[in-house]
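Take a look at the structure below.
The values are calculated or read from the model by the stated rules, or taken from the named source; none is laboratory data. Since this is a predicted model, take the numbers as computed values, not measurements. Heads up, the Cβs are rebuilt from the backbone with ideal geometry, glycines too, and the neighbour counts pull from every protein chain shown.
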Amino acid sequence: MQLYLIRHAQSQNNATMLADPTNRQEADPALTELGLKQAAAVGRFVGEALNVDRWVEQPPAVRKPVYGLGATRLYVSPMLRTLQTCQPIAAALDLQPEIWVDIHEHGGIFLHHEDERGIVGLPGLSRREINERFPNVILSPDVREDGWWNPAAGLESLEACQMRAIRVANALRMQSNSDQRLVLVTHGTFMDHLIKALLNLLPGNDLRFYHYNTAVTHIDFLNGLTILRYQNRFDHLPPELNS
């Protein structure tokens, strides 16, 4: 099995943090104008880039360039910024994105108020809202009519996020002997924990796998081995789109 992890494009919160790290964040931010351009660029990459791994699998005598990731399934977090990022990726791969709630970002959906309310959990996008805005997306049963996040959970702990990453890693390992080529459109902190879970490095709080917006990480599962082919690849972005 081959696995590609893609971080979402620049969100409103990403841009706000760059301008003023003390500014409060939106609960489920959309992409910025820069983020929409980044998403289009990573969409072109997954559909048009030379796929060296598939190219070298061919016998040298008949070897021909192979373009695109050749993905068989495309999974996406239920957060707005990943759903938006996934649209050009889905078009390039000619796949319907499937929501996998467990690959959402650390923390869930919440707002941090300065008054006595403190951290308040919110439900996230509902089935109707996702259907209306992203009709090509396949919904999982975890996306309810009132949203997918439990507001009573408030802010997810780091330990809970790591346990979720282990759960996703185990689900991926169940397919490791298959010919699947999976693409997950997810988030920076969760990608960090998921890579550590796949490499048996958790809790790993003194280690960080960082990803720029729309950066790609490629991991292979081959003959019992877990192979990190590349990490934080963002050469599909021109310098003016890096963030």
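Looking at ALA165, ALA171, ALA160, ALA153, which one is in contact with a Leu (Cβ under 9 Å, 6 or more places away or on another chain) and among the small types (Gly, Ala, Ser)?
Sole residue among the options that is in contact with a Leu (Cβ under 9 Å, 6 or more places away or on another chain) and among the small types (Gly, Ala, Ser): ALA165.
In the range 193-210, of all residues being out of contact with any helix residue (DSSP H, G or I) (no Cβ under 6 Å at 6 or more places or on another chain) and surrounded by 15 or more Cβ atoms within 10 Å (Cβ to Cβ), the one that is farthest from ILE6 (Cα to Cα) corresponds to LEU199. Restricted to the range 59-145, the set of strands (runs of 3 or more DSSP E) holding at least 1 residues that are at pLDDT 95 or above comprises 73-76, 97-99.
Residue pairs whose Cβ atoms lie under 9 Å apart, sitting 6 or more positions apart in sequence or on different chains, and linking a residue in the range 150-178 that is under 12 Å from ASP102 (Cα atoms) to a partner that is polar (S, T, N, Q) and part of a helix (DSSP H, G or I), are CYS161/THR189.
Does at least one position in the range 163-174 carry a residue that is surrounded by 17 or more Cβ atoms within 10 Å (Cβ to Cβ) and either on the phi > 0 side of the Ramachandran plot or in contact with a Pro (Cβ under 9 Å, 6 or more places away or on another chain) (or both)? Within the range 163-174 (the criterion being surrounded by 17 or more Cβ atoms within 10 Å (Cβ to Cβ) and either on the phi > 0 side of the Ramachandran plot or in contact with a Pro (Cβ under 9 Å, 6 or more places away or on another chain) (or both)), the answer is no, since none of the residues qualifies.
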